[in-house]
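All remarks here apply to the structure that follows.
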Amino acid sequence: MLSSIVKLLKERGALSVQEISLALDIDSSALHPMLEMLVHKGKILKVELPCKNACAGGCTNSDSMTYYKVTIDA
């Protein structure tokens, strides 16, 4: 599954958690640990958009506001 995530990001560029979840048909709660592992390994980068609603830690839009993209070396 990890290689599928990297392949998808290489093909489509930066995608939100929500977009990755839909494309790979996997629940976002299962996807988050995999994405964090890939970030830790240096395969992908996490890009968080600033929240315009000033929500502190409980933003319901977080899966659409957090994007991932492949690193140059991936």
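Checked against the criterion of being charged (D, E, K, R) and under 9 Å from the mean Cα position of the chain (by Cα), the candidates Lys46, Lys41 yield just one match: Lys46. Applying the set (1) at pLDDT below 90; (2) surrounded by 10 or more Cβ atoms within 10 Å (Cβ to Cβ) to Ile26 leaves exactly one unmet item: (1). Gly42 passes every criterion in (1) assigned to a helix (DSSP H, G or I); (2) more than 11 Å from Tyr68 (Cβ to Cβ) apart from (1). Tallying residues that are in a loop (DSSP other than H, G, I, E, B) and in contact with a strand residue (DSSP E or B) (Cβ under 9 Å, 6 or more places away or on another chain) within segment 1-39 yields 2.
In segment 1-36, what residues are small (Gly, Ala, Ser) and farther than 16 Å from Met65 by Cα? Within segment 1-36, Ser3, Ser4, Ala23, Ala30 meet the criteria.
The values are calculated or read from the model by the stated rules, or taken from the named source; none is laboratory data. As the structure is a computational prediction, the values presented were derived from the model and not from experiment. When we count neighbours, we look across all protein chains shown, and the Cβ atoms used for this are built from the backbone with ideal geometry, even at glycine.
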